[in-house]
1. Considering only residues of the stretch B:1-53 that are at the interface with another protein chain (Cβ under 7 Å from one of its Cβ atoms), farther than 15 Å from A:A209 by Cβ and of a type in the set (A, V, I, L, M, F, W, C), which is surrounded by the most Cβ atoms within 10 Å (Cβ to Cβ)?
2. Give the residues of the stretch A:187-225 that are within 21 Å of A:D101 (Cα to Cα), touching a residue at least 24 places away in the same chain (Cβ under 8 Å), at the interface with another protein chain (Cβ under 10 Å from one of its Cβ atoms) and assigned to a helix (DSSP H, G or I), sorted by residue number.
3. Checking B:V132 against (1) open to solvent by less than 30 Å² (accessible area, probe 1.4 Å); (2) within 14 Å of chain A (Cβ to nearest Cβ), which test does it fail?
4. Could you tell me whether B:V129 is farther than 20 Å from B:Q386 by Cα and of a type in the set (A, V, I, L, M)?
5. Scan the helices (runs of 4 or more DSSP H) fully inside the stretch A:66-164 and keep the ones with 2 or more residues being under 30 Å from B:L50 (Cα atoms) and touching a residue at least 40 places away in the same chain (Cβ under 8 Å).
6. Consider only pairs whose beta carbons are under 6 Å apart and that are at least six residues apart or on different chains; among these, list those whose first residue lies in the stretch A:32-44 and is surrounded by fewer than 22 Cβ atoms within 10 Å (Cβ to Cβ) and whose second residue is of a type in the set (K, R).
7. From A:L90, A:L52, grab the single residue that is open to solvent by 10 Å² or more (accessible area, probe 1.4 Å) and closer than 23 Å to A:N226 by Cα.
8. Of all residues being part of a helix (DSSP H, G or I) and open to solvent by 10 Å² or more (accessible area, probe 1.4 Å) in the stretch B:166-176, which is nearest to B:G151 (Cα to Cα)? Just the residue, please.
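The values are calculated or read from the model by the stated rules, or taken from the named source; none is laboratory data. Treat the numbers as computed from the prediction; the structure is a model and nothing was measured. FYI the Cβ positions are ideal-geometry reconstructions off the backbone, even for glycines, and counts take in every protein chain you see. Side chains are part of the model used for accessible areas, which takes the heavy atoms of the whole protein and leaves out ligands, DNA and RNA. Shrake-Rupley method; radii C 1.70, N 1.55, O 1.52, S 1.80 Å.
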Amino acid sequence: MKAAPAPANPAAEFRSGLIRMGLDPRKFDYVVALAGNPNTGKSTVFNQLTGLNQHTGNWPGKTVARAEGRFDAFGKKYKVVDLPGTYSLLSRTVEEEIARDFLLFGSPDVVVVVVDATCLERNLNLTLQLLDITDRVVVCLNLMDEAKRRGIEVDATKLEEMLGVPVVPCAARRGDGLSNLVEKVHAVATGAVKCSPVRLNPRPEIQRALDELTPQVAQVLPHAANPRWVAMRLLDGDETIMEEVQRGHLAHFDARPIEGQA
Amino acid sequence: MSSAELLLRRAAELRKDVGGVHESLTKDVYETASKIAGACVSGTDSRNRLEMRLDRILTSKLWGFPIMLALLAGVFWVTIEGANVPSQMLASGLFWIEDQLAYAFQAVSAPAWLEGLLVHGVYRSLAWVVSVMLPPMAIFFPTFTLLEDLGYLPRVAFNMDRLFKKAGAHGKQALSMSMGFGCNAAGVIATRIIDSPRERLIAIITNNFVPCNGRWPTLIMLATVFVAAAFPPSVGSVVAASSLVGLVLFGILVTLVVSALLSRTVLKGVPSAFSLELPPYRKPQLLRVLYTSLIDRTIFVLWRAVVWAIPCGAVAWIIANISIGDATIMAHIVGFLDPLGRAIGLDGVILLAYIVAIPANEIVVPTMLMAYMNVDRMIEIDDMTQLRHLLIYEHGWTTLTAVSLMLFSLLHNPCSTTIWTIFKETGSKRWTALATFLPLVIAFAVCFIVAQTARLLGLG
């Protein structure tokens, strides 16, 4: 995967992707998606970031709750979309489909992945899958207070080095580290910090198959943020992705902004 | 051919050529995560060590199953022991009210049929539903929810994984099966966690073989009133709890056997690999446990039973009191169903109750009791012993009847909500029909074999 170029994001396509995701791009400068395993304090981070500026509703056409909010930082308006909590992006629960489609077709400027410092290994599974889809990730290493209490030490600097994206230690319940998080989000959004994330290294046969499929995917799904990842899912036999390819567009998100819903 | 179709076709070819893509990808993710975590995390988790020790015992080959069964038996025992006294008190209180209501109707010289319909029909069936079902549910659901909340169910799934794999099904089916103990419709939806359509169908079709919230009260009542009462009081509740554990084990056995049969016939294939993660144990949130188990489960199930018991009580009273020719309508229907019922260890009334109860399993017992009580008109029953007497001496119930009824309740067709859910999830009338009728056929077959064998051995 190392050879994969950072996915290009022509402005027009980016905007149309957002509109289909139910977001109006005129109202803010950057979109931040909040991802993470369930029970990592993701909602706490969301609440701390957005305060009272929240909407809740459902994902278009789904019974999964959706929360959105906004915050202003360094003179820019940020829209925060709280994705459903998932352990992975590779199986096919509704939650994972929603999270995956938003990352793939909503092209958020930054993805903040909230990670539980008390069980890092388990949480890294999702983080690594995210890094396979997008470069622009900030890791919020949450529950540092709880980890310390239990005698677990996590070396954030080392983690940042190994993952190749900013890692911010936080204790969201107490508000610790959040201003730092916002700073890093801003830096990644504006391009002040360039990420060079660790990539998974599939077997050579898989690499070759991906090299062959990726250009074809880019042609069929021009809105997809990361055609190589889509190719990977096709190679894996992911039926929901196959259906999306067949239709050539997203089934789950129509042009219905959340603001328009009751 | 469109470019999308070309792409899909090529991807399918490559998938076949390369092989094992999913396993390879999952391995990459897990190995990288493990490498990074190993390099960045130091210190030992004080809580983790304890959890790991606990997991090693709870999921060990030697202790996993015995502990599982002991916990289940413990939950049943607490329910049966604990529900006895409140059930009696509720029954005597509610039937005292029935008498008062009857006096009130007589005092205002209301017509006898109105008193019969409202007091001895509708009110009485309501009183029965509440006194028979409420106390066991109010104890069983919170205790079971507590186990769920502690994080024990994923350990159960872990223990069961090997068995399901041997049956040619997906290990995660153990999880959707565990959900089925709460509600089969929820269990059917939970099969979404299974990736392969073949294995998912197996999980959907067999989900019904574990008893749901709607059937627990029936089973617990039968275990209490018949199984426990047949033994001296000192051991009665222990025997009753064991019989319930046995029944659950039988349900799991049927699940495995049917899964194995399906995966060797109509749904052939190799079980796919998966990794099951044991989530951390949690300190149960007592208030939430009480809330979800009492409001979401107990009150919900009771409400459904009450809502259905009212019209059923009225219908039962009416058909038991209107005669065509020389017998009541109910006697005609019961007489018609009786031979079939007898053949499988039940009787006509029970089959009638099951037909009426297709919308909701909760009302089998209330309907049955309504029918029995109305066939014989106004017998006054005001406690559990008299219920037992009514069934045994007036209606010829034997231990075989109780056992057959428990088996039938365990195995018969899913309720209409579950059937509808299966249709929505599979999108196929054929699979829905199979998931509906296969259990029914199995229920009839098993009960028939049990009844005939018991009679042959002179036990019936």
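1. Among residues in the stretch B:1-53 that are at the interface with another protein chain (Cβ under 7 Å from one of its Cβ atoms), farther than 15 Å from A:A209 by Cβ and of a type in the set (A, V, I, L, M, F, W, C), the one surrounded by the most Cβ atoms within 10 Å (Cβ to Cβ) is B:C40.
2. A:L210, A:V217, A:V220
3. Every listed condition holds for B:V132 apart from (2).
4. Values: farther than 20 Å from B:Q386 by Cα: no; of a type in the set (A, V, I, L, M): yes.
Considered against the rule, which asks whether it is farther than 20 Å from B:Q386 by Cα and of a type in the set (A, V, I, L, M), B:V129 comes out as no.
5. Details: elements: A:94-105, A:120-133, A:144-149, A:156-163.
The helices (runs of 4 or more DSSP H) meeting that bar are A:120-133.
6. A:T44/A:R173
7. Details: A:L52 fails: closer than 23 Å to A:N226 by Cα.
Every option except A:L90 fails the conditions.
8. Within the stretch B:166-176, the subset part of a helix (DSSP H, G or I) is B:166, B:173-176.
Then drop every residue that is not open to solvent by 10 Å² or more (accessible area, probe 1.4 Å), which leaves B:166, B:175.
Numbers: B:K166: 25, B:L175: 12 Å.
Among them, the one singled out is B:L175.
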